[in-house]
Amino acid sequence: MSALPEPQIAPTSVRSKPDGSLSRRTFAIISHPDAGKTTLTEKLLLAGGAINMAGAVKVRGENRRARSDWMEIEQSRGISVTSSVMTFEREGITFNLLDTPGHSDFSEDTYRTLTAVDSAIMVVDVAKGIESQTRKLFEICRLRDIPIITFVNKVDREGRDPFEILDELEAGLALSVSPQVWPVGMGSDFQGCFDLETNEFLHSRPRAAGSFNSVTQFNGPDDPALHAVLPEHVAAKFAGEVELAQAGYSAFDAEAYRQGHLTPVVFGSALRDFSVDQLLKIVARFAPPPRPQPSDKGAVDPLTQSVSAFVFKVQANMDPNHRDRVAFVRFCSGHFKRGMKLNHVRSGKPLAVNNPIYFFAQERALTEEAFAGDVIGIPNHGTLRVGDTLTEGETFRFTGLPSFAPEVMRRVRLEDTMKMKQLRRALEDLAEEGLVQVFKPTIGSQWIVGVVGPLQLDVLASRVRNEYKTDITFEPVPYATARWISADEERFVKTFMQENMMSCAMDRDERPVFLPKNDWELRYARERNPGLTFAETREIV
Ligand code: G4P
């Protein structure tokens with residue numbers, strides 16, 4: 001084993017002015033909790049020059065937690081329950097990274113966030129392979145034809161054989177895999193990673209177990225000079241593996257990737273910085289720029305001149321001192337300029353956007369413009385809701401943002417009945433954020449809330465207490481779920497509601513909802529009322 005040639009400095013970012021929507025890469029990271037999403041996010045921001053110091057994302061998280069007690073839940077359970085957006089630029093490309101909550105209780109929020117991205121990075125723990133939440137999120141991406149780059153993380157630790165992981169991806173997700181960066185040894189034998197496209201060896205010095213800080217160019221994975229710097233048994237294993245990896249799996253095909261048939265696979269270590277830069281380069285080169293977005297007048301081309309956008313998330317009380325509410329808006333076409341008056345299609349009223357916010361890693365700033373693919377925050381007092389469309393005057397609506405049938409239903413009990421007004425306001429605000437669904441029963445005066453996962457109830461109670469100074473508890477109800485009722489003729493819905501008063505309610509948009517006690521009751525209602533539709537999801541309007 002001989003000494004390595006002099007190190008080259010690991011590439012640093014070059015900042016430059018972005019130019020239009022083609023330079024946008026709007027993406028999310030999907031993973032099972034603990035696979036390394038937070039660590040990778042932080043390292044991508046570092047690689048993009050958006051932050052200067054490792055740990056900054058966590059510091060930011062802690063700051064937020066300090067400001068808002070409900071985040072205690074997030075902290076104590078070690079999960080991320082909020083989505084946010086982080087924008088950074090590198091070499092003329094603007095990256096909009098949308099964070100998605102990893103816990104399954106927040107899948108609804110995640111789903112909506114995924115409607116706003118053009119591609120995704122799937123993080124897989126090399127010791128665990130595909131886990132339940134990864135699979136679920138992958139299926140959502142597949143439904144929406146979102147192309148995926150796979151990052152197999154933690155190769156600095158003992159893990160499963162890389163081929164086992166590749167085969168699991170290929171067979172388990174029915175996807176061609178194309179290895180791009182390969183680990184050189186793993187666990188105690190870990191020496192670094194090898195970029196199979198550029199023949200660069202990513203390694204560390206002076207200690208092999210340290211973080212990535214050097215790149216050495218070789219002529220190929222079989223270059224004797226490379227093998228000379230590796231321990232003999234690692235070199236031999238690496239040579240055999242690479243031969244098999246290149247012969248046994250698909251060559252990279254950008255079109256197949258963009259159509260969602262193939263995933264490029266990067267082995268690396270987010271914690272130690274290995275392959276993060278390579279991952280970002282793949283996103284920049286191959287991830288799609290803004291894609292056409294579905295609407296009720298057909299797909300909207302991102303190169304269309306007039307501005308269009310939709311709200312995919314609303315967050316109330318980001319700063320409890322100011323009771324602010326921010327709508328996260330994804331632009332789909334046109335060139336937006338600050339101060340523009342946009343048409344708020346749902347209300348038909350103009351909306352002057354004077355304070356659009358960009359979210360950088362650690363701060364928010366006013367932005368003067370935005371292109372298709374960009375995500376900005378619009379502070380408002382409740383005008384904007386999830387699913388709303390904004391245009392330059394047209395009246396079409398973007399589609400595909402569903403509201404899911406809740407799986408857990410509870411009656412809300414107010415501890416202090418004088419606080420009815422606060423409770424109403426809290427439920428309205430938090431339903432608008434998409435944290436819970438709220439139903440008003442036909443009979444009775446207490447609100448019923450529905451959630452996809454029980455953890456959302458803890459968050460709801462905690463936020464109502466902290467942000468609205470109101471204590472609530474939950475009581476069980478006999479209902480199992482909710483179904484939105486519709487029919488060709490309105491009178492059929494009315495008749496059904498009258499006959500089933502005890503099991504009917506209105507949602508917050510005054511849409512009729514059936515609350516069945518169990519599957520049997522739902523089936524029975526369907527059989528008895530063939531003219532009615534009992535929908536599990538409804539488009540948000
Ligand atoms: P998540 O957001 O997907 O839930 O995962 P997160 O980044 O928080 O990472 C989960 C754990 O895995 C953390 O350890 C993190 O340090 C570790 N980790 C992430 N990437 C790598 C990697 O490439 N190699 C190794 N060896 N570990 C990695 P923790 O002990 O739970 O937290 P911490 O005390 O280190 O912050």
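Each reported figure results from applying straightforward, stated rules to the coordinates on display, with no laboratory input. Please read these numbers as outputs of a predicted model, since none were measured by experiment. Cβ: placed from backbone, ideal geometry, glycine included. Neighbour counts: every protein chain shown.
Around Ala284, with a cut-off of 12 angstrom between Cβ atoms, what is the net charge of the other residues, counting Lys and Arg +1 and Asp and Glu -1? Charge balance in the 12 Å sphere: +2. Couplings 3J(HN,Hα) for segment 85-90, derived from phi with the Karplus relation 6.51 cos²θ - 1.76 cosθ + 1.60 (θ = phi - 60°), are 10, 10, 10, 8, 10, 7 Hz, where x marks Gly and Pro. Rounded to the nearest Å, what's the spacing between the alpha carbon centres of segment 465-541 and segment 109-143? Just the number, please. One Cα centre to the other: 30 Å.
Most tightly packed first, judged by the mean number of other beta-carbon atoms within 10 Å of their residues, the peptides 244-256, 175-187, 127-139 read 175-187, 127-139, 244-256.
Max-minus-min Cα coordinates of segment 498-541 on each principal axis give 29, 20, 19 Å, with the largest extent listed first. Rounded to the nearest Hz, the phi-derived 3J(HN,Hα) couplings of segment 284-291 under the Karplus curve 6.51 cos²θ - 1.76 cosθ + 1.60 (θ = phi - 60°) are 4, 7, 10, 4, x, x, x, 9, where x marks glycine and proline. Counting 0.36 nm for each residue step from Lys494 to Glu368 and taking away their Cα separation leaves a gain of 40.4 nm.
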